[in-house]
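To keep things clear, I will list the structure first and then write my remarks on it.
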Amino acid sequence: MNIMLFAPELFLLTGALVLFLLSLSPAGAGRARTTALVFAIGTMVSGLVFLNFEGTLFYNAYQIDFFSQLIKVILAAGLAVVLLIGRKLKGIADEVRAEYYLFLFMSTLGLMMLVSSVELLTLFIALELSSYSLYLLVPMRDDRAGSRLQMEAAVKYILFGVVATGIMLFGMSYLFGLTGTTYLGELLTRLQPIMAQPAAIVGLAMVMCGFFYKLAVFPFHFWVPDVYQGASNETTTFIASVPKIAAVALLIRMATMIAAPGGWPVVNLLVVLSVLSMFYGNLAALVQKDIKRMLGFSGIAHAGYVLLGILTLGQAGYATAMYYITGYLVMNLACFLVICAVSPKGENLQIDDLSGLHQRSPLLALTLAVGMFALAGIPPFVGFMGKFMLLANALNEGYLTLVILAAINTAISIFYYLSVVRVAYTTSPEGYPAVQVAPATKLVSVLLMLVIIAMGILPTPVLEIATSAVRVLL
Amino acid sequence: MDFLILNNGFPYLSALIFLPLIGALLLLAMPGDNACRNWTLIVTVVTALLSLPLYWNFDLTTHLYQFGEHHVWIPGLNINYTLGIDGISLLLVLLTTLLMPLCVLGSWRYIEKRVKEFMVCLLLMETSMLGVFMALDLVLFYVFWEAMLIPMYLLIAVWGGPRKTYASIKFFLYTLAGSVLLLVAIIALYLNSAPHTFSIPQLMGQGFSTTFQLWVFLAFFLAFAIKVPMFPFHTWLPAAHVEAPTAGSVILASVLLKMGTYGFLRFCLPITPAATMTFMPYILWLSIAGILYGGFTALAQQDMKKLIAYSSVGHMGFVTLGIFVLNSQGIEGAILQMINHGITTGALFFCVGMVYERTHSRELSRHAGIGKYMPVYVTFLAFFSLSSLAFPGTNSFVGEFLVLVGGFAKNKVVAAFAIPGAVLAAAYMFRLLQRVIWGSPQNPDHTGLVDLNTREIVTLAPLLFFVLWIGLSPEPFLKVLHVSVNHLLTQVGTLPGGPMAVAKLMIP
C-alpha cells in the first residue's frame, strides 16, 4: 500500500488525534483553535501536493484519482475558511471547543473518504462518519438563552438523516441483489443490460436519496430550516457549505450509472425534484425573517439549480455542476462570514439586525452585498456565470421548459436577496452596536470577494479543471 | 471577423469602459468628500475627452463596426470580448460620456451624505452603460446590462426620496424579471445558430425559422419594452424617477431608457426580421398608446418630476414609433430623438433638482412665480421646455419631425394618431412654464431664493448648447447615421407574404 495515496486523509486524521489529546486537558481549548487551523491548511497543502496521484487502496474499495483529490482540496480549503470565519467560536462553550474541532475534523474526514469510495459499504461508512459527527455538532451550541432550539434541531437532523440513510441502504440492497457486487465499477457494467428493470431504477433512485438529503434537495430538505436556525452560526456555516460539495460529487458518480438506455425514469425524477426544489426553496425564502433560515431555503433552491447540471448526464453538465457548487461554497461562505462577524455573542440574526451595516462595518456590508448579489445570479459574479453555464448546457440538451422555470426562479429569488442588501445599505444603524472585525476576518472577506469576482469573470481555468476532473469518471 | 474593423492603435473603447472602473476603485482610497467629488469630475471629464476622437475618426462610409477590439474570453462556449461601434451606437456612447461630468456637477451639493459611495456608483454606472452600447457579444452585453442594476438600485435606494424602498425594489424587480427570459433567448440563439456563436453581428441574417424568431422576439421585446418603458410596462418609471436623486433621474432618463430602444435596433430588427414584421403593427399601436397616455397623465401631474417622468413615456413612444415604421426617416428620427430626449429630459431633471435643493419641494404650486426671483433659471427652463415640446429651432423638433415624416410615409392613420401627442406635449409643458415663471396673484412667498450659481450654469449650459446646435444644424449628427441605418433596413428587408398581410389588416 502506497501511503502517499492516503496522505491528505492521514494528515487530517492526525489533526483529529491531536485535537482529541488536547480535549483531554482542561488547558487544551485555547490551543485547539490554532492547531485546528494549522492542520486544516496542512491538509489542503498535502492535497495539492498529491493532486495528481492515482491508485486504489483497501482491496479496490478506495480510489484515488484527480476527481477525488481535487474535491478533497476543495473540502479542506472549505474547512480552513470555516475555521477562520468561526475563529472566535462565539456560539460554543469554552470547555467543549477542542471536542467541537475534533468532530468538525471527523466530519470532513468522512466527506473526504466519501469522494474516494467506490464500493457501496465503504461509501456508506464514510457517509455515516461525516453525518454522525455533524449530528453531534448541532447540539453543542452554547445555550445562554435557554431556548433549547439546538436540541430540537439536532433531533430533527438525526431523525431525517436516519430515514434518508435507511432508504439509501434499502436501495443498496436492491443493487446488490440485482448484480451481486458492491463495487461501483462492476455495478456500472452489470447494471447496463438490466437498467430498464424497475428494481434497478428504484434501487438507484433510493441510493441517491442519501445524497439528496446532504444536498437538501426537496423532499429531503425538512431538516434544513430548523437545523440552520438551531445550530450555532459556525456549525451552520459548515453544514451549509462543505458537505454539499461532497454530495454533488457523489451524485455525479451515481449519475454516471443512469446514463444507460432505460435510465430515463431517474432523469425524470431528477427533473421533477429540481423544479420542486427551486420553487419551494425560493418561495419559502421570500417570507423568512431569520437570515440563516432564509439562506437555508435559498440553499434548497440552489440544490435545484445544481441538479440542472447533473440531470443532463454529460461531461459538460457534470463539470458545470462542480463549477456551480464550488462557486456556491464561496458565495455562501461570504454570507456566513458576515453573519458570524455581526452576531455579537453568537446568537441568531434577524435580517433587521443587519440594519445600517454600511456604517457599522463598510467591508462586511460590501461582502454581504457581493455574496447576496452573487447568490441571486447578477453578473459579474460567479453566481451568474454558473447559472448561465447550467442553463446553456440544459438548453443544449433540450430541457427548454426546465430552463424557463429556472430563469423564472431567478426572478423570484432576487427579492429576498435584495431585501438583505437593502437593510444593510439603506437603514440607519441607530440602536445597533458597532461591529468589531478582526484583521484575519477582513483578509478572508476580501479574499472571498476576489474569488467570487474572479470566478465570475474568468471561469475558463476553473471549468477546465472541473472538466478534466469529471473526465476521470466517464 | 468581417463585420469588424479592428482598431490597431490605442484601444479607445476598452479605455472608455475601464477608465471609470479604475477611477471607482481608486476612489475608495480618497479621503474627504470634496476630494471624492473632484476626483470623480476629473475621471468623467477625461473619459468624455477620450470619447471625442471616436467622432472625429469615425468613418462615415461604412456600416461595419469600427474601433473594434476582439479577444477570446471563454473559448469553450465561443464567448468573446468583442467591442465595436457603428452609427447607431456612436451618438449614444458620446451622450453617455458627455453627460456624466454634468451628473457629477449636478450632484455637487445635492448629495451630502455618503458622497464617496455615491460617486463610486456613478462611475460603475458609466462603465456598465458604455459596455452595453459597445458590446458586440451577447454574453458580454448581458453582463453589462445586468451589472448596471446594482449601482442604479443603490442610487435610488440609498440617496432617494421618502418612498425610495418601494421605488428601488420595483425598479429592480421589473427590470430583472424582464431580462431573465432575455438570457434564455440568448442561449437559444446560440444553440440555433450555425456555427454556434454569441457574436451579435454573426447572428444577424442567420435565417432562423419564423416560429423561433417569434419566441426570441417576444423574449427580447419583454426585456426592452420594460426598459424603454413602453406602455403598459411603464409603471416602474414614475416611481423610480420621482424617488431617485437628481443624478439618478438624469442617468435613468437620458441613458438607461435608451438601452431599451437601442436593444430594439441592435437585436430585434436585424436578428429577428420576420418577427419584427409580424409584431410591427402591435408595437406601433402600443407606441401611440404610450404617446397619448403619457401626454394625458403628464397634464394632470402636480409633482414636477412626475410630470417630466410621464412626458418621458410619451417621448419614448415617439422613439419606438420611429423605429418600427421601418423606414430611414423614421429610424434616423428615432435615434436622433433618443439623443434629444437624453439632452432635454436630462436638463429638465437637473432644473427640477436645482429648485428642489432650494425649496425641498417638487410641487408645482409651491414654485409658482419663481421667474421673478430666479430669472436665469427660468430662462434655461424655458428653453428646455420648448425643446421638450418640439418647438421649431430646438433639437426635438428635428427628431419628432423626422419620426412623423417616416410615420406618414408608412401609414397616415397611425401617424395621425401621434399628432395629438405633440399637442399634448405643448399643453403640459406650457402649463409647467406658465406656473413656474408667472404663476398667479396667489403665489407663495419666494423671498430669499437665490438664482443659479456658476456651477449650476456650467451644468446646464452645455445641454442648452446641444439643444440649439441639433435644432439649427442637425446634419453633423444625422450624417453618422445614414450608412448604418440603411444597412439595418436592408437587413430587415420587407419580406413578402404572410407577415405583411397581417400588418395590412392591423393598420388600415
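Worth a mention:
- Annotation: the residues B:Trp159, B:Trp236, sorted from fewest to most other C-beta atoms within 10 Å of their own C-beta, follow the order B:Trp236, B:Trp159.
- The base-10 log of I(q)/I(0) for segment B:272-493, evaluated at q = 0.12, 0.17 Å⁻¹, reads -0.64, -1.11 [Debye formula, identical scatterers on Cα atoms, solvent excluded].
- The Cα atoms of segment B:396-457 define a convex hull whose projected area, averaged across directions, is 6.7 nm².
- Normalised by the number of residues in segment A:1-108, the mean separation of alpha-carbon contacts (under 8 Å, six or more apart) gives a relative contact order of 38 percent.
- Segment A:161-284 - percent relative contact order, Cα under 8 Å, separation 6 or more: 30
- Net charge of Cβ neighbours under 14 Å - reference B:Thr345; Lys, Arg +1; Asp, Glu -1: +2
- Label-reachable residues, segment A:349-392, where backbone N falls under 19 Å from a point 7 Å from B:Ala29's Cα toward its Cβ: A:363
- Size of electric dipole in chain A: Cβ of Lys, Arg +1 and of Asp, Glu -1, about Cα centre, debye, nearest 20: 540
- Positive-end ranking of A:Met322, A:Leu375, A:Met4 along the dipole of segment A:3-471, with charges on Cβ about the Cα centre, is headed by A:Leu375.
- Coordinate range along principal axes, alpha carbons of the protein assembly as shown, Å, largest first: 90, 67, 49
- Phi-derived couplings, Karplus 6.51 cos²θ - 1.76 cosθ + 1.60 at θ = phi - 60°, listed residue by residue for segment B:410-417: 7, 7, 5, 5, 4, 5, 4, 5 Hz, with x used for Gly and Pro.
- For chain B, the alpha carbon convex hull comes to 131 Å³ per residue, rounded to a whole number.
- Each Lys and Arg adds +1 at its Cβ and each Asp and Glu adds -1 at its Cβ; summed about the Cα centre, the protein assembly as shown shows a dipole of about 1380 debye.
- Against the empirical curve 2.2 N^0.38 Å, the C-alpha radius of gyration of segment A:240-394 lands at a ratio of 1.12.
- Using a Förster distance of 41 Å, the FRET efficiency for A:Arg31-A:Leu178 (Cβ separation, nearest 0.05): 0.20
- Taking the longest Cα principal axis of chain B as reference, the axis of helix B:454-472 is set at about 50 degrees.
- For a straight C-alpha distance cut-off of 23 angstrom, the lysines reachable from B:Lys306 (same-chain residues fewer than eight places away being disregarded) are B:Lys164, B:Lys170, B:Lys227, B:Lys258.
- A simple spin-label model places the labels of B:Asn486 and B:Ala416 3.3 nm from each other, with each point 7 Å out along Cα-to-Cβ.
- Hydrodynamic analysis of segment A:195-265 uses the Kirkwood radius over alpha carbon pairs. Inserted into Stokes-Einstein at 20 °C and 1.002 mPa s, it gives a translational diffusion coefficient of 160 µm²/s.
- Arranged from fewest to most other beta-carbon atoms within 10 Å of their beta carbon, B:Leu489, B:Leu404 become B:Leu489, B:Leu404.
- Taking 0.36 nm per residue of sequence separation and removing the Cα-Cα distance, the B:Glu363/B:Arg109 pair yields an extension gain of 89.4 nm.
- Largest-first ellipsoid semi-axes for segment A:328-407, taking √(5λ) over the Cα gyration tensor eigenvalues, angstrom: 33, 12, 10
- For B:Asp137, distant residues with modelled amide H under 5 Å away: B:Thr82, B:Ile200
- Using just its DSSP H runs of length 4 or more, each adding -39500 (n - 2.57), chain B gives a mean residue ellipticity at 222 nm of -23000 deg cm²/dmol after division by all residues.
- Relative contact order of chain B, taken over Cα pairs closer than 8 Å and 6 or more residues apart, is 15 percent.
- Each Lys or Arg adds one and each Asp or Glu subtracts one; over the other residues with Cβ under 14 Å from the Cβ of B:Ala425, this totals 0.
- Calculated over chain A, the projected area of the Cα convex hull averaged across directions stands at 20.2 nm².
- For segment B:50-65, Karplus couplings with θ = phi - 60° (6.51, -1.76, 1.60), whole Hz, Gly/Pro x: 5, 7, 4, x, 4, 6, 5, 8, 6, 8, 7, 9, 10, 8, 5, 7
- Other residues whose C-beta falls under 10 angstrom from the C-beta of B:Ile370 contribute a net charge of +3, scoring Lys and Arg +1 and Asp and Glu -1.
- Nearest-0.05 FRET efficiency for B:Asn192 and B:Tyr282, computed from C-beta distance (R0 25 Å): 0.55
Laboratory data are not the source of any read-out in this text; all were calculated from the coordinates shown. All values reported here derive from a predicted model rather than from experimental measurement. Positions of Cβ are generated from backbone atoms using ideal geometry, with glycine treated the same way; all protein chains shown enter the neighbour counts.
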